[in-house]
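Shown next, in structure tokens, is the structure this report addresses.
Where a number appears in this text, it was derived from the coordinates with a stated rule and is not lab data. The shown structure was predicted, so the numbers you read here are calculated from the model rather than taken from an experiment. Here the Cβ positions follow ideal geometry from the backbone for every residue, glycine too, while neighbour counts run over all protein chains shown.
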There are 2 protein chains.
Amino acid sequence: MDEFDLIHSITPHTLHHTSVDVGIGDDGAVYTASPDFQQIVCLDTMVEDVHFKLEYSAPEDIGYKALAVNISDIAAMGGIPKFYLVSLAVPSCWQAAEVQAMYEGMTELAKLYRMDLIGGDTVSASDKAVITVTVIGEVEKGLACLRSSARPGDVVFVTGDIGSSAAGLSLLLGETAPSAFSERDYFIQKHKRPVPRVQVGRFCSQLQHTALNDISDGLASELNEIAEASSVTIEIEENLLPVHPDLRTAHSKWKEWALFGGEDFELAGTVSQKEWTWLLDRCKASGVPIKQVGTVYERKEANVLMKTADQKRIVLEKKGYNHFK
Amino acid sequence: MDEFDLIHSITPHTLHHTSVDVGIGDDGAVYTASPDFQQIVCLDTMVEDVHFKLEYSAPEDIGYKALAVNISDIAAMGGIPKFYLVSLAVPSCWQAAEVQAMYEGMTELAKLYRMDLIGGDTVSASDKAVITVTVIGEVEKGLACLRSSARPGDVVFVTGDIGSSAAGLSLLLGETAPSAFSERDYFIQKHKRPVPRVQVGRFCSQLQHTALNDISDGLASELNEIAEASSVTIEIEENLLPVHPDLRTAHSKWKEWALFGGEDFELAGTVSQKEWTWLLDRCKASGVPIKQVGTVYERKEANVLMKTADQKRIVLEKKGYNHFK
């Protein structure tokens, strides 16, 4: 199979959006933006042996996740994901079937959101695979959920549970014994196939004001970003952290994973007390777990504080990933 | 310098376009599309030791070229480049200063086109650097220059000169002795810092019909794509190929490089006889070399034919890059 056959095999035969005027096959994709909407663009990269390992992730999983983390960014802006473009650098030892499988993992997820693949690039990697996905979405004008929108008095919330992805990774790496958890597969799936919270993001876009981040670098990091951008202090409670019961009881690292593990791709955000019930009801009706974990205050000495189980107040630092130390 | 400092240092302080509602610093970039325009999106990837080598390219050059090849795709659609997003996977041995230099190379070029950097991602590479750039542009509704627009009778044209980038690469790799050319630097610059033909693309967008490709994979490949998409046959003449005189006289490979070398990032296209003079005049007035190299015919047995210097007709195959053999 040569590059042209490969492109042919991954080019979608039908498109969900009639606004795609030119898809794959010319120098660039062309689409018509919806009037009354703003365009949202995100891009994220996954590197073999840094973000995934072929020993424990199938190409389908890698493709799925590379798209999922970008959709999650659109969700965190309150937007509707629409299009995606893929750059794939793969070593020559990869078979065409593996590349196709990677695209299939993406297609599987894209179908759920009626997203169209509109462009891409497949090149030779010198050694390890690198996959970059660009996602384009849209949001009604003025309704994007920005980090700077937190206000004192707001409820701080988190969807789903956190720390599970880190637990899954620990299982995959063999650092945690399989016997530690009864629901092993749950954690592994949370790591390999996170579900972006698009629906919650859409609910949030309808609120008067809401700050929103997806949890890619860990809850502590995301809340620090919101607090910084909004010039407020966020205070959360350890006892309120939404952590899977299996994890909380079985593993000493649960707190570290929940706060700093990252890759949960849940949403963390703030909403006014008045609108919190509305959001809660919407999420309940849709079967999406969501939970208050704290409150927003006027700016104090730190960005993020946590009341521990033994009633102490500690500062939660970003502990984000530092590439250049 | 940590990742946050780095992001801060590369985040533009001013934006050219007021249509950028949210730039770097949130989960995604948000912009408002111009009414009456279509959106164009392209993405291209460059891999260390596959597309560039650090021995002969400075980080500034690599950044410049990674952006240039994407702008060239926008040019080939007849569009105006507006925004770009960068994904950079760099090995841990790279210094922050090198990453900044790469961004500076991009900024230098972006300024010329009043383009804004609106997003990005810097991650650890396991071994070799990989840089993916996404460019977003726009074109007036219905005016995009598509490959499928060639019609029998059209003039086939090429801008600038071709084969020079391949000659430059050959010099850089030490395969061609420096003494072979008097204008060495010209060829090396053509390889390291190609100039995207945005202005010619914009002229073409105003034509009744025009098929347009940028020459990334070599003239033969680009013309094959136009002929295929338009269901026509393109016939060119060897004697008309725009090749730098230094190259044509000095190197036995000039023809191979001109037809199959690629990375010239000139434009190849077709235009009606009637409008050819208009395009020619426009290019002349703007100081951009452009030349007729052939004619479009009704579909014959091959996509692309070339009349050689000794009056034979040969078939020009794609000879595109095949990743999977």
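Tabulated data for the structure shown
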read-out: Least to most buried among A:Cys93, A:Cys145 (fewest other Cβ within 10 Å first); value: A:Cys93, A:Cys145
read-out: Ranked B:Glu298, A:Glu238, B:Glu183, criterion: other C-beta atoms within 10 Å, fewest first; value: B:Glu298, B:Glu183, A:Glu238
read-out: Relative counts (whole %) of C-alpha pair distances in segment B:3-140, using bins that are 5 Å wide; value: 2, 10, 21, 24, 20, 13, 7, 3, 1, 0
read-out: Relative contact order for chain A, counting Cα pairs under 8 Å that sit 6 or more residues apart, in percent; value: 21 percent
read-out: Using θ = phi - 60° and Karplus 6.51 cos²θ - 1.76 cosθ + 1.60, couplings along segment B:115-128 (whole Hz; Gly, Pro as x); value: 9, 10, 7, 10, x, x, 7, 10, 10, 7, 8, 6, 8, 10
read-out: Simple Cβ-charge dipole of the protein assembly as shown, Lys/Arg +1 and Asp/Glu -1, about Cα centre, in debye nearest 20; value: 800 debye
read-out: Estimated dipole of segment A:81-163 in Debye, rounded to 20 [Cβ of Lys and Arg +1, of Asp and Glu -1, Cα centre]; value: 300 debye
read-out: Built amide H within the under 5 Å cut-off of A:Phe37, gap 5+; value: A:Lys141
read-out: Degrees separating the helix A:96-112 axis from the principal Cα axis of chain A, which is the longest one; value: 50 degrees
read-out: Lys, Arg +1 and Asp, Glu -1 on Cβ, resulting dipole of chain A about Cα centre, debye, nearest 20; value: 1320 debye
read-out: Most mobile listed residue (B:Gly261, B:Gly201, B:Gly153) in chain B, GNM with C-alpha springs under 10 Å; value: B:Gly153
read-out: Qualifying GluC sites (Glu not before Pro) in segment A:1-71, DSSP loop, other Cβ atoms within 10 Å at most 10; value: A:Glu55
read-out: Inter-site label distance for B:Ala250 and A:Thr277 at 7 Å from Cα along Cβ, in nm; value: 8.1 nm
read-out: Folded to 0 to 90 degrees: helix B:59-75 orientation relative to chain B principal axis, Cα; value: 50 degrees
read-out: Relative contact order computed over segment A:3-140 (Cα-Cα under 8 Å; 6+ residues apart), in percent; value: 39 percent
read-out: Taking only Cα atoms of chain A, radius of gyration then Dmax in Å; value: 20.2, 63
read-out: Burial ordering of A:Ser72, A:Ser124, B:Ser170, A:Ser182, fewest other beta-carbon atoms within 10 Å first; value: A:Ser182, A:Ser124, B:Ser170, A:Ser72
read-out: Proximal aspartates and glutamates to B:Lys312, defined as alpha-carbon separation beneath 14 angstrom and excluding residues fewer than eight positions away on the same chain; value: B:Glu235, B:Glu237, B:Glu238
read-out: Cβ-based charge dipole, the protein assembly as shown, positive-most Cα from B:Ser170, A:Pro289, B:Phe265; value: A:Pro289
read-out: Cα Rg, Dmax (largest Cα-Cα span) when computed across the protein assembly as shown, Å; value: 26.2, 91
read-out: Rotationally averaged projected area of segment A:134-218 (alpha carbon convex hull; nm²); value: 7.6 nm²
read-out: Calculated FRET efficiency for the pair A:Glu104/A:Glu140, C-beta based, R₀ 25 Å, to 0.05; value: 0.15
read-out: Reachable lysines, given that their alpha-carbon falls under 19 Å from the alpha-carbon of B:Lys274 and they are not under 8 places away in the same chain; value: B:Lys284, B:Lys291
read-out: Listed pairs A:Lys190/B:Lys65; A:Lys255/A:Lys300; A:Lys82/B:Lys111; A:Lys128/B:Lys65; A:Lys111/B:Lys82 exceeding 32 Å between Cα atoms; value: A:Lys190/B:Lys65
read-out: For segment B:148-280, with +1 on Lys and Arg beta carbons and -1 on Asp and Glu, the positive-most of B:Ile188, B:Val232, B:Leu212 along the dipole; value: B:Ile188
read-out: Euclidean distance of C-alpha centroids, segment B:197-275 and segment A:129-147, integer Å; value: 36 Å
